Amino acid sequence: MELINCKKISNEKTEEIKEKIDKIKRHTGKAPGLATILVGKNPASQIYIRSKIKACENVGIKSFHHDLDENSSKKDILNLIKKLNENSEIDGILLQLPLPQNKDAQDCINSISPLKDVDGLHPFNSGLLNLSKSWDEIIKKNILVSCTPFGVMHILCKSSTEIESKTAVVIGRSNLVGKPLSMLLLSKNATVIMAHSKTKNLREICKSADIVVTAIGKPSFINREFIKNGVTLIDVGINRVSDKICGDVDFNSVKDMDVKMTPVPGGVGPMTITILLENTLKAFYNKKNGT
Ligand code: NAP
């Protein structure tokens, strides 16, 4: 088994982003700005938000954090988003999910200006992704794509994984991960199979794949029975088991196979944060270019 060095890949990307921001600052005296919103006090969300703010500081993105009370109404959230939409210092807006009390997050996401939608979850941006005919078009048009799937693509590219004409199985069909990732893989000419909880014969389907991405949130669900030798296995899952973080893959079961895989922790997670920085930079450029 070969562990993909995701930390190295994400550090290199972060360094590139930092250099671009330094240049912007030297030429304009301005820095891209990212607003983060946390509703309530979910401990995991608090950790994610802290990491995102710290990552912004490291590359020179100005961060504007807003804590909203657990009991805030949808109207409170929408009012805050409206103010952030109108603030020219802010290029990106990130609403940390999930929202408490089963509030419908999509209504709030829909109110974020598509130009500032650094999570790529606004229907306008997911529509642009779905309508794109190729990877080149996605890159050229600077489309804001959900951070985790875009990070997975970056890991695949940097780990020299062949995508074109390969069979890729994406397990999980969420709007955040599985769906956009399937579109991205398709844009690079993979033959994509989307699997979910109602999929039959998941083991056999996965065994046929050259690339397996698991994003289901079930610890140790994927074991050696699901994969063939030579596969690239991307573990998006983040699961807490007796105070430890693990992915969806049963590491011990696959470690003596001929597989290339991402670790958890320290795999897709850090890359996701790096792409958030990149999306903030994209949003800054898009505003500047009037797109
Ligand atoms: P989600 O919205 O809960 O979606 C989970 C998906 O998994 C659903 O499509 C579900 O199918 C499918 N699923 C559940 N059990 C299954 C099974 N037994 N067989 C096949 N498919 C099954 O979750 P998400 O937001 O996409 O996140 C998935 C995981 O990734 C979680 O562990 C989350 O913490 C992690 N995550 C990590 C990052 C990162 O930065 N590393 C970012 C985002 C999420 P149905 O649609 O049929 O219910």
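The values are calculated or read from the model by the stated rules, or taken from the named source; none is laboratory data. All figures in this text were calculated on a predicted structure; none of them were measured in a lab. Virtual Cβ from ideal backbone geometry, glycine too; neighbours counted across all protein chains shown.
Points worth noting:
- Residue list for the stretch 129-175, filter: of a type in the set (D, E, K, R) and either farther than 21 Å from C206 by Cβ or within 16 Å of the ligand (Cβ to nearest atom) (or both): K133, D136, E137, K140, K141, K158, R173
- Qualifying residue in the stretch 143-165 (condition: among the aliphatic types (A, V, I, L, M) and either more than 26 Å from E12 (Cα to Cα) or at pLDDT below 95 (or both)): no
- Considering the stretch 205-222, the residues that are charged (D, E, K, R) and more than 12 Å from the ligand (Cβ to nearest atom) include one that is farthest from L156 (Cα to Cα), namely K207.
- Within the stretch 192-204, restricting attention to residues that are more than 10 Å from the ligand (Cβ to nearest atom) and touching a residue at least 12 places away in the same chain (Cβ under 8 Å), the residue that is nearest to E164 (Cα to Cα) is V192.
- Subset tally (residues that are within 12 Å of the ligand (Cβ to nearest atom) and charged (D, E, K, R)) for the stretch 176-191: 1
- Sole exception among (1) surrounded by fewer than 22 Cβ atoms within 10 Å (Cβ to Cβ); (2) touching a residue at least 40 places away in the same chain (Cβ under 8 Å); (3) more than 16 Å from D117 (Cβ to Cβ) for G267, by number: (1)
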